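Each remark here refers to the structure printed beneath this line.
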Amino acid sequence: MPQSPTREVQKKLETLRNRFRDKTIREIEGLVASIFNASRNSETIGELVAAYQLLHRLAGSAGTLGFTLLGEQARKLEIAIKPLADQVADGADSESIRLELKQLLSAGYEDDIAGLGNLLVTAEPVSTEWHQPRLAETDNQPVLLILEPDQELAELVSEGLALYGHRLRSLSNGHEWPEGMDDVDLVMVRDTLLQDEGVQWLSRLHDLPVICFSQAPDFATRYRLACLGIDACCDDPQDIPALADRIEQLLAEGLATLTGRVMILDDDRELLEHYRLVLTSGGLQVRALGDPSNLLSELSEFRPDILLMDVQMGLYDGPALARMVRFQAEWLSLPIIFFSSEEDRNRQLDALARGGDDFVTKPVSDEFLLRTVRMRCYRARQLDKLVSLDSLTGLLKHALAKTELGREYARSARSGHNSVVAMLDLDHFKKVNDAYGHGAGDMVIKALANLLRHRLRNTDIIGRYGGEEFMVVLPECSLEKAVEVLEALSQDFARLAFNVGTEEFSVSLSAGVATLNAYGSAEQAIEAADRALYQRKRAGRNGVSVDSRSLL
């Protein structure tokens with residue numbers, strides 16, 4: 001019988017802990033011998049520096065790997081020996097340092113040093129409470145649950161949101177949470193069903209994004225809903241585009257907090273592997289480096305959201321490495337987080353002043369590590385979106401969309417697969433702005449952006465080309481399939497109803513399509529899709545046209 005993912009992670013952590021114990025036993029034997037030798041012979045006083053460095057490393061790593069008492073004792077000894085190690089590094093008189101060391105040992109530290117190895121006999125049990133394995137995604141369509149007593153309204157909302165590719169489930173009351181609802185991604189609930197705070201299913205909402213349907217605008221009601229963990233409040237669920245936009249935001253936020261790309265730089269092999277295992281098991285993509293000399297090349301290849309690094313790695317100084325990374329303009333905004341057992345706030349601030357963004361003190365629990373990294377990755381991507389994504393739609397900006405198109409053009413040319421580019425434009429959009437205002441126009445643009453995100457594949461490239469015009473790239477897609485998808489999308493978008501006050505209106509779109517392979521460059525393919533778009537406009541709008549050369 002195959003092991004559960006959690007049990008498999010636990011076994012790997014136990015193996016890693018045993019490896020750390022075996023290595024550290026040998027290291028501590030050498031450390032004890034070095035310190036006692038230095039106390040007896042001034043010629044070996046230089047060994048204090050290596051002893052201090054090992055104690056510093058154990059103070060940070062032992063607790064994370066389950067040997068808390070060893071980490072605490074190593075920290076105590078590190079603080080005591082540091083002044084002597086600094087004197088050695090500064091070239092002070094060896095004999096005077098030896099005498100100070102001898103006095104230190106006689107003051108009670110001799111037994112502490114000799115007993116370090118005994119603290120490796122037992123370790124805390126490996127805990128994997130932080131590990132919540134994510135099931136493999138078999139369907140990209142989110143599942144939404146509507147708890148709405150008004151059955152007619154529930155059906156109207158379900159039909160409208162289905163156009164965006166969501167799968168809907170509906171309940172008329174919230175007295176019981178039915179079986180088979182474990183795949184729900186978001187809940188929409190009427191506020192009257194939340195009046196009884198003793199209902200058993202209320203706790204189920206804490207792990208899901210929740211939108212509450214409520215027409216009560218008063219402060220007390222809204223505050224109570226916030227205390228219940230509600231994420232958003234909607235007073236008009238019949239405004240489907242606005243509701244879909246809020247759903248999109250909440251689902252994107254939830255997914256973003258679970259993912260990310262992390263690079264870790266640390267010369268402690270067991271600790272580095274421990275971090276990698278915990279973060280990878282938590283759903284993050286991780287690149288672990290033990291050799292700082294490979295840092296720049298690995299950054300360019302992996303392109304992480306954040307960089308974690310130790311402050312001191314043998315001959316390499318973490319803050320100096322951070323400053324070196326900042327030499328390249330593309331990494332000026334990369335969040336760099338120092339992990340170290342250094343507890344002196346002034347030294348921490350000094351490290352941050354030399355290129356870091358945050359400082360986390362070792363040892364670090366697995367749960368704290370995972371939560372910290374997830375949060376940091378999420379914040380990093382939010383800031384990146386301000387630069388690379390259109391603020392209104394969340395789609396790629398014009399320049400980046402063209403860059404991605406160029407990459408797909410080169411990829412399709414190398415592999416020979418078919419790919420398609422399409423230009424989309426909202427019909428009579430100026431009339432929408434003139435009749436209902438620019439706020440209504442923005443609502444229409446956002447609605448189309450959301451529809452494109454939900455109806456197209458994760459691998460498809462979607463960008464706002466300018467104003468009400470969009471560009472879509474469909475990699476590894478036949479011309480026939482692209483036309484079929486875009487025709488269906490065009491028809492469903494025209495069915496959406498937009499509300500401004502008491503007035504309701506709809507908008508259609510036109511699309512022009514071209515195959516990348518039929519043209520000599522990505523730019524020529526865009527021009528061909530643009531020609532097809534204007535053919536569609538002249539032919540009556542509201543549909544899809546294909547450039548003639550793509551049909552050959």
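Based on Cα atoms of the range 398-551, Rg over Rh with Rh as the Kirkwood radius reads 0.99. Whole-Hz Karplus values for the range 387-393 come out as 8, 9, 10, 5, 5, 7, 9 Hz, taken residue by residue from phi with 6.51 cos²θ - 1.76 cosθ + 1.60 and θ = phi - 60°; glycine and proline positions read x. Eigen-decomposition of the gyration tensor built on the alpha-carbon atoms of the range 187-336 gives equivalent ellipsoid semi-axes of 45, 17, 13 angstrom, largest listed first.
Less than 5 angstrom separates the built amide H of residue 147 from those of 171, 188, 189, 190, all sequence-distant by 5 or more or on a different chain. Beta bridges from DSSP with both residues in the chain: antiparallel share about 40 percent, rounded to the nearest 5.
Here the extension length gained between residue 535 and residue 215 equals 110.6 nm, from 0.36 nm per residue of separation less the Cα-Cα distance. Couplings for the range 426-441, taken from phi via the Karplus curve 6.51 cos²θ - 1.76 cosθ + 1.60 with θ = phi - 60°, read 6, 7, 6, 5, 4, 5, 5, 5, 5, 7, 10, x, 5, x, 5, x Hz in order; Gly and Pro are left as x. Can you work out the FRET efficiency for the pair residue 504 and residue 8, with r the C-beta to C-beta distance and R0 = 56 Å, to the nearest 0.05? So the FRET efficiency works out to roughly 0.55.
With loop membership from DSSP and a limit of 11 other Cβ atoms within 10 Å, the longest segment of the chain without GluC sites (Glu not before Pro) is 198-552.
In this simple spin-label approximation, residue 392 and residue 79 carry label points 7 Å from Cα along the Cα→Cβ vector, and these lie 5.9 nm apart.
Taking a straight Cα-Cα cut-off under 19 Å and skipping sequence neighbours fewer than 8 places away in the same chain, the lysines within cross-link reach of residue 431 are 446, 537. Counting 0.36 nm for each residue step from residue 124 to residue 438 and taking away their Cα separation leaves a gain of 106.9 nm.
With all pairs of separate Cα atoms included, the chain yields a Kirkwood hydrodynamic radius of 27.9 Å. Note on the range 5-120: Lys pairs 8 or more places apart or on different chains, Cα atoms under 24 Å apart, count 6. Taking the simple approach of a point 7 Å from Cα along Cα-to-Cβ for both residue 358 and residue 207, what is their distance in nm? A separation of 2.5 nm, rounded to one decimal place. Calculated mean residue ellipticity at 222 nm for the chain: -15500 deg cm²/dmol, from DSSP H runs with n ≥ 4 weighted as -39500 (n - 2.57), summed, divided by the residue count and rounded to 500.
The amide H of residue 64, built 1.01 Å from its N in the peptide plane, has 364 as neighbours under 5 Å, considering only residues 5 or more places off or on other chains. Estimated at 0.36 nm per residue, the fully extended path between residue 293 and residue 385 surpasses their Cα-Cα distance by 30.1 nm. Once backbone amide H atoms are built at 1.01 Å from N, residue 286 has 262 as its partners under 5 Å, excluding neighbours fewer than 5 places away on the same chain.
If I take all pairs of Cα atoms in the range 1-109, what percentage of them are more than 23 Å from each other? Above the 23 Å cut-off, the range 1-109 has 37 percent of its Cα pairs. Roughly how far apart, in whole Å, are the Cα centres of the range 384-459 and the range 41-62? Using only Cα atoms to place each centre, the spacing works out to 58 Å. Each label point was placed 7 Å from the Cα along the Cα-to-Cβ direction; for residue 303 and residue 143 their separation is 3.4 nm.
Of the chymotrypsin sites (Phe, Trp or Tyr not before Pro) found in the range 292-343, those that fall in a DSSP loop while having at most 11 other beta-carbon atoms within 10 Å are 327. Using all pairs of distinct alpha-carbon atoms, the Kirkwood hydrodynamic radius of the range 268-395 works out to 15.5 angstrom.
Read-outs: derived from the displayed coordinates by stated rules, not from any lab. Just so we're clear, the structure is a prediction, and the values are computed from it rather than from any experiment. When we count neighbours, we look across all protein chains shown, and the Cβ atoms used for this are built from the backbone with ideal geometry, even at glycine.
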